[in-house]
Amino acid sequence: MVKTKAKKDIDSYAIKGTSNVVCPGDCVLMRPSDSEKAPYVAKVEKIEADHRNNVKVRVRWYYRPEESIGGRRQFHGPKELFISDHYDVQSAHTIEGKCVVHSFKNYTKLENVELEDYFCRFEYKAATGGFSPDRVAVFCKCEMPYNPDDLIVQCERCKDWFHPYCVDMSIEQAKKLDHFLCLDCSSDDDVKRSSNGCSLSMTFEPKVEAKRRKSNAMEDLSTRACVALFCFALAFFFRELTLMEAMLRPRMLGELLEGWRT
Ligand SMILES: [Zn+2]
Ligand SMILES: [Zn+2]
């Protein structure tokens, strides 16, 4: 059909069957053609209506790690998305709901991760599979970037962070730790017993744990205390992470994705 009349920009669109209103700049979940699939996530750039009041949205797609050329890796969080350079125009009818795509830093500060919470730390070039930034800080023996949903423990001496499973520890054991020395530091320990650095070690509850707590209606005070401690621990971790990013082992992301392809 030939389009004769000009489209007009509109400020908002009410999602059918809900009380939610979408405005340009909002992140939305869009119904995939295959109903078995998870909804697509997009950022709404523009909303326009034609003379028959058909509403269309210009969107910028977020990619899930599994939709990227490099695929999903262990360091990708379950709620991780990449903002892409892929734009589209879609019918507003495909919008199912709204969501929030947090910055990486803000996501790690969330007390509870709700269903509609996501995070984004990389820009993704859909045609080439390239990422920006193309470098990322890594830690642990496995030299992996931080997955905000993984439990990690800090060595109180070298200050590096470790996955329990990389240091032969179960998650349960890691949660009970008061102090932790990595293998390198504990073998040094015999030699340097006199120089006893007495610093506090922190363990981190994974985000998924916090989420489970939230879904439990019988949330009690001790749980709240745990959540508060968890947030404090994360804040502490973030100071460390900033340091790590400045000083520690930055790796090319492409190299990491290549290296783990099996
Ligand atoms: Zn590791
Ligand atoms: Zn150590």
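Descriptive notes on the structure:
- Inter-part distance, the range 11-49 to the range 92-116, computed on C-alpha centroids, equals 13 Å.
- Our summary gives the range 8-136 a relative contact order of 23 percent, counting only alpha carbon pairs under 8 angstrom and 6 or more residues apart.
- Ordering 18, 108, 94 from the fewest to the most neighbouring beta carbons within 10 Å gives 18, 94, 108.
- Once the mean of 1/r is taken over each pair of separate Cα atoms and inverted, the range 13-128 shows a Kirkwood hydrodynamic radius of 14.9 Å.
- Point-to-point label distance, residue 12-residue 37, nm (Cα→Cβ direction, 7 Å offset): 3.1
- With 25 Å as the limit, the listed pairs 56/109; 16/37; 56/105 have 56/109; 56/105 beyond it between alpha carbons.
- Residues 9, 34 arranged by fewest to most Cβ contacts within 10 Å: 34, 9
- Ranked for footprinting exposure by Cβ neighbours inside 10 Å, fewest first, 163, 51 give 51, 163.
- Gain in span if fully extended, residue 109 to residue 50, counting 0.36 nm per residue against the direct Cα distance: 17.1 nm
- For residue 86 and residue 178, the difference between the fully extended length at 0.36 nm per residue and the C-alpha to C-alpha distance is 28.4 nm.
Quick note: the coordinates plus some simple rules give every number you see, no bench work behind them. Computed from a prediction, not measured in an experiment: that's the story for all the values here. We place every Cβ from the backbone using ideal geometry, glycine too, and count neighbours over all the protein chains shown.
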